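Please read the structure below before turning to the comments.
The values are calculated or read from the model by the stated rules, or taken from the named source; none is laboratory data. Here the structure is a predicted model, which is why all the values come from computation and not from measurement. Ideal geometry is used to build each Cβ from the backbone, glycine not excepted, and the neighbour counts take in all protein chains shown. The area values use the complete protein model at the heavy-atom level, side chains included, leaving out ligands, DNA and RNA. Shrake-Rupley method; radii C 1.70, N 1.55, O 1.52, S 1.80 Å.
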Amino acid sequence: MAFDSLTEKLQNVFKNLRSKGRLTEEDVKAALKEVKMALLEADVNFKVVKNFVKTVQERAVGQDVLNSLTPGQMVVKLVNEELVTLMGSDTTEIALKPSSEISVILMCGLQGAGKTTTTAKIAGKLKKKGRRPLLAACDIYRPAAIEQLQKNGEKQGVEVFTMGTNHKPVDIAKAAIEHASKNNLNVVILDTAGRLHIDEDMMAELQEIKENVEIDDTILVVDAMTGQDAVNVATTFNEKIGVDGVILTKLDGDTRGGAALSIRAVTGKPILYVGMGEKLSDLEQFYPDRMASRILG
Ligand code: GDP
């Protein structure tokens, strides 16, 4: 399970703190040093960790925590609060137009991140909410990706729009919106091509779609298992094409958790959902407070 190692380390630090009764500033400093190590080992971004520890330290001293009856408890509470803040505090929804209009969602990410699977997962969620989604296959490089989208769409009971591999993604996107309009569908989700690494062609293709199609949400799918690489990918995509929200996949694996804790702080973009497995139902809304509780154990 994700975070296991981080959780265990933090719990040890806090157990020590709680057992002490009265705390000195030095005790808090020493404990936060261990928190820092634990976060770094969990692959949380270095700057994020530094700021995090500094904030908790300042709050611990400033709020007279040390004179309270349960100082250890108070420090744990501060760490919890700051973890929540780090991950964005509130839950962010995908921003859609009213049902009477067509909303367009652009899904992007590197190959293997889980983009195609997540696209179908999102369609299922929107359908449950009463929307009428259409999936559009804009990956013209891998016929297998189109097939996979079709299979997943079928499982979700959601139509998949495809024009094969001989048209430009931007033209497929436009045609898909046209198709949605004619068939009374109101959310078009564009599944775009991923590459193994970020490259200029991929970005140019996404830019072309964004310049020619009115996109309501650009959602980046990143693999939590890749840790700080996921954060770097998010930074680059955001700089190049602008991202509205991130979906973090494979949080069911034994990821160390660094991506979940860094993405918001580094990119300023919220995590919308987390992928918790390969099944199309394995997508959870992201709640920073619940995630913090999960991390603290
Ligand atoms: P794409 O290349 O980005 O479109 O990636 P795919 O959607 O094909 O997913 C790549 C692999 O990751 C597939 O085997 C998926 O089943 C798997 N996958 C996607 N999301 C998750 C997730 O949240 N958890 C787990 N364990 N596997 C996932």
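Summary table below
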{"read-out": "Highest average packing first - 196-206, 221-231, Cβ atoms within 10 Å", "value": "221-231, 196-206"}
{"read-out": "Packing-based order for 104-113, 51-60, using average beta carbon neighbours within 10 Å, highest first", "value": "104-113, 51-60"}
{"read-out": "Shape parameters for the range 161-297, alpha-carbon atoms, Rg then Dmax in Å", "value": "16.4, 51"}
{"read-out": "Rg and Dmax [Cα atoms of the range 99-155; Å; Rg one decimal, Dmax integer]", "value": "11.6, 34"}
{"read-out": "Expected 222 nm ellipticity per residue - DSSP helices of 4 or more, -39500 (n - 2.57), all of the chain, to 500", "value": "-16500 deg cm²/dmol"}
{"read-out": "Solvent-accessible ranking of Leu126, Leu40, largest area first, probe 1.4 Å", "value": "Leu40, Leu126"}
{"read-out": "Largest-first ellipsoid semi-axes for the range 203-268, taking √(5λ) over the Cα gyration tensor eigenvalues, angstrom", "value": "24, 11, 10"}
{"read-out": "Kirkwood-Stokes translational diffusion coefficient of the range 1-127, alpha-carbon pairs, 4 °C, 1.567 mPa s, µm²/s", "value": "74"}
{"read-out": "Distance (nanometres) between label positions extended 7 Å along Cα→Cβ at Glu81 and Lys20", "value": "1.9"}
{"read-out": "Shape category assigned to the range 1-62 from the gyration tensor of Cα positions, a/c cut at 1.5", "value": "oblate"}
{"read-out": "For the chain: relative contact order, % (alpha-carbon pairs under 8 angstrom, 6 or more apart)", "value": "26"}
{"read-out": "Signed unit charges on C-beta, dipole axis of the chain, positive-most listed residue Ala230, Asn186, Gly21", "value": "Gly21"}
{"read-out": "Cα-based convex hull, the chain, per residue volume (Å³, whole number)", "value": "122"}
{"read-out": "Relative contact order of the range 95-196, pairs being alpha-carbon contacts under 8 Å that are 6 or more residues apart, as %", "value": "45"}
{"read-out": "Largest-first ordering by accessible area, 1.4 Å probe, given options Asp90, Asp282", "value": "Asp90, Asp282"}
{"read-out": "Set of lysines near Lys240 by C-alpha distance (under 30 Å), chain-local residues within fewer than 8 positions excluded", "value": "Lys47, Lys50, Lys97, Lys115, Lys121, Lys125, Lys168, Lys174, Lys210, Lys250, Lys269"}
{"read-out": "Exposure rank, largest accessible area first [Ser103, Ser19, Ser5, Ser68; 1.4 Å]", "value": "Ser19, Ser5, Ser68, Ser103"}
